[in-house]
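What follows is one structure encoded as structure tokens, with my remarks underneath.
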Amino acid sequence: MRPLFSQTSVAAVRLVIAVTFAVATMLIDSRLDGLQIVRLAVKTALWPVEQIAGFPANATRAVADWTQTRTQLAGRLESLAIENERLLTEQLKLHTLRAENSELRRLLGVRERVNERLLQAQIERVSNDPFVHRVTINRGIAAGVQIGRPVLAADGLVGQIVSVYPHASEVLLMTDSTHQLPVQVTRTRLRAVAFGTGQLDQLELRNLPATVDIVAGDVIETSGLAGRFQPGIPVARVIEVIRSPGQPFARVLCEPAAELSTLTLLMVDVSDEEVGQ
Amino acid sequence: MTFVLTWLATLLLVALPLPLVMAPYLPHWPVLFVAWWALFQNHRLSMTLLFIAAVPFDVLYGTVLGLHSLLFALVAYMLTLLGARIRQVNWVRQSVVVFLVLGIAALVGYWARTLTGYDPDLLVLMMQAAIGAILWSPVRIVYGWLSQFVSEPVEGTH
């Protein structure tokens, strides 16, 4: 094989060519989104590598499950039974609310969400890049997952599907610095946009006037604008409102409702009907 | 064969499922992989090979396609030029040079991420470069061992 850099000038020329190609690829991928097919093909080819890499963790988890004592299992069963009772009671209330909601929608002539369906998924791996908040889940095209579908956890919104593969999907967490989400404050119905900050425990509402009626503790939920997320999904809680003298805008920092750093199970919203009127 | 073996080993390291909070404290394995090749086996590399080898890392990390190709080209260029001078020096000096090269790559990575809409923290990138430099010696030994494993001994790795 020919040496990589035999002479300095040749080396510099090759470097310039390589850098040009790399930057062009980056721009095509990020601005035009034109390389999804490459990503899909490579990700599919990497499936065996990911399975091998995940084997030690899966095996450890399996061994831990096998070695649980009878007392531990009995304790877990009891707590699950209590939780089940609580959820059944909640479900009774939910049935009533659903019926009321359906009636109100009918009276208002608003389209109803039909065949609402949540698909359970498990996180297989997370990106090891500190600035990319993406996780891979074990459900893909075969399970009916599509790009743009909302992903939820028990406590609230997690993010959305950005790439789908035959048996896996990638979820962009709402804290990723490229993610923006239309939200509203539950108490005042004030609309805003929640920006990911690149930190797992922080979202930011930007461009709100300094005089805005928002306080620490306010709950933030999806507004349903843009049609991607159902309105009313808990997103975050306001932890700090920074109003600097002389600044026209306030900085509103929020903590995500879902504990993003310890997620294992997720729900993908694969309902048939989109939100809208 | 050595290239494929070390490349697969690096892919496995990147694909390891680890908690999200650990990400800032992990070294940038792919750059260390290229650093080893540029220092010890650059005569067997080509820019096309590096470009292709970089794509799976972009996919695994979820970064924009082309980012690792850019970093690979830069690291390969710098260490190939420096290679003859630092290949035989002791591990401490070699780690310092590797840190400087990884630091420059981190700066370029910072620029490239900003260009594609991300908001990276330069301090975290530099910390990754420092962790990479600290781990350089064991990485060099392991890759050297892998090279021997397929009967392709490398000069200056032991």
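The values are calculated or read from the model by the stated rules, or taken from the named source; none is laboratory data. As the structure is a prediction and not an experimental result, all values here were calculated from the model. Note: ideal-geometry Cβ built from the backbone for every residue, glycine included; neighbour counts use all protein chains shown. Just so you know, the surface numbers come from the protein's heavy atoms only, side chains and all, with ligands and any DNA or RNA stripped out. Shrake-Rupley method; radii C 1.70, N 1.55, O 1.52, S 1.80 Å.
Using a simple spin-label model with points 7 Å from Cα along the Cα→Cβ vector, what separation in nm is obtained for A:R228 and B:L82?
A separation of 4.1 nm, rounded to one decimal place.
Sticking with the crude label model, points 7 Å out along Cα→Cβ, report the distance from A:L80 to B:H43 in nm, one decimal please.
Inter-label distance under the simple model: 6.3 nm.
Among B:H43, B:H28, B:H68, which one shows the biggest mean-square fluctuation in a GNM of chain B, springs joining Cα atoms closer than 10 Å?
In the Gaussian network model the winner is B:H43.
In region A:63-144, which GluC sites (Glu not before Pro) are in a loop and have at most 11 other Cβ atoms within 10 Å, using DSSP for the loop call?
Here the GluC sites (Glu not before Pro) that fit, given the DSSP loop and packing criteria, are A:E112.
Write down the accessible area per residue of region A:180-260 in Å², having rolled a 1.4 Å probe over the full set of protein chains.
I get 50 Å² per residue for this part.
B:L115 to B:Y25: extension gain in nm, 0.36 nm per residue of separation minus the Cα-Cα distance?
30.0 nm
So what does B:M1 come to for accessible area, using a 1.4 Å probe and Å² rounded to 10?
Approximately 140 Å² of B:M1 is accessible to the 1.4 Å probe.
Quick one: net charge of A:A53's neighbours, Cβ under 13 Å, K/R +1, D/E -1? Show your work: numbers first, answer last.
Working: positive: A:R125; negative: A:E50, A:E124.
Overall, the nearby charge balance is -1.
Per-residue accessible area for B:Y61 at 1.4 Å probe radius, Å² rounded to 10?
Probe radius 1.4 Å; accessible area of B:Y61 about 10 Å².
Carbon and sulfur: what percent of region A:180-260's accessible surface (1.4 Å probe)?
50 percent
First obtain the Kirkwood hydrodynamic radius of region A:10-66 from its Cα pairs, then insert it into the Stokes-Einstein equation at 37 °C and 0.692 mPa s, and state the resulting D in µm² per second as a whole number.
Rounded, D is 224 µm²/s.
For chain B, with all protein chains present and a 1.4 Å probe, just round the carbon and sulfur fraction of the accessible area to a whole percent.
Within chain B, the accessible surface is 73 percent carbon and sulfur.
Starting from the residue with the highest accessible area, list B:Y118, B:Y110 in decreasing order, probe 1.4 Å.
Numbers: B:Y118 30, B:Y110 85 Å².
Largest to smallest exposure gives the sequence B:Y110, B:Y118.
Please identify the helices of chain A, taking whole runs of DSSP H, that span at least 15 Å along their own axis as judged from the Cα atoms and have a mean Kyte-Doolittle score of 1.0 or higher.
A:8-27
Could you tell me what % of all Cα pairs in the protein assembly as shown have separations over 37 Å?
Working: 32906 of 94395 pairs.
Summing the P(r) tail past 37 Å for the protein assembly as shown gives 35 percent.
Could you run the numbers on buried accessible area between B and A, total for both chains, 1.4 angstrom probe, in Å² to the nearest 100?
4500 Å²
Using the 2.2 N^0.38 Å rule of thumb for compact globular proteins, work out how region B:1-153 stacks up: its C-alpha Rg over that value, please.
Details: Rg = 14.6 Å, N = 153, 2.2 N^0.38 = 14.9 Å.
Scaled against compact globular proteins, the figure is 0.98.
In region A:10-66, what percent of the accessible surface is made up of carbon and sulfur (1.4 Å probe, ligands and nucleic acids excluded)?
Details: 2690 of 3490 Å².
On region A:10-66, the fraction of accessible area on carbon and sulfur atoms equals 77 percent.
Pull out the extension gain between A:T186 and A:V215, defined as 0.36 nm times the separation in residues minus the alpha carbon to alpha carbon distance; nm, one decimal.
Net length gain for the segment: 9.3 nm.
What figure in square angstrom, to the nearest 10, would you give for the accessible area of A:D201 with a 1.4 Å probe?
Looks like 90 Å² after rounding.
Can you pull the one-decimal nm distance between simple spin-label points at A:W66 and B:A9, each 7 Å off the Cα toward Cβ?
Rounded to a tenth, the inter-label distance reads 3.0 nm.
Among residues other than A:N84 whose Cβ falls under 15 Å from its Cβ, what is the net charge (Lys/Arg +1, Asp/Glu -1)? Show your work: numbers first, answer last.
Working: positive: A:R76, A:R86; negative: A:E78, A:E83, A:E85, A:E90.
Summing Lys and Arg as +1 and Asp and Glu as -1 gives -2.
Would you rank A:K93, A:K43 by solvent-accessible area, highest first, keeping every protein chain in place and using a 1.4 Å probe?
Ranked list, largest accessible area first: A:K93, A:K43.
Per residue, how much accessible surface does region A:10-66 expose to a 1.4 Å probe? Answer in Å², no decimals.
On a per-residue basis, 61 Å².
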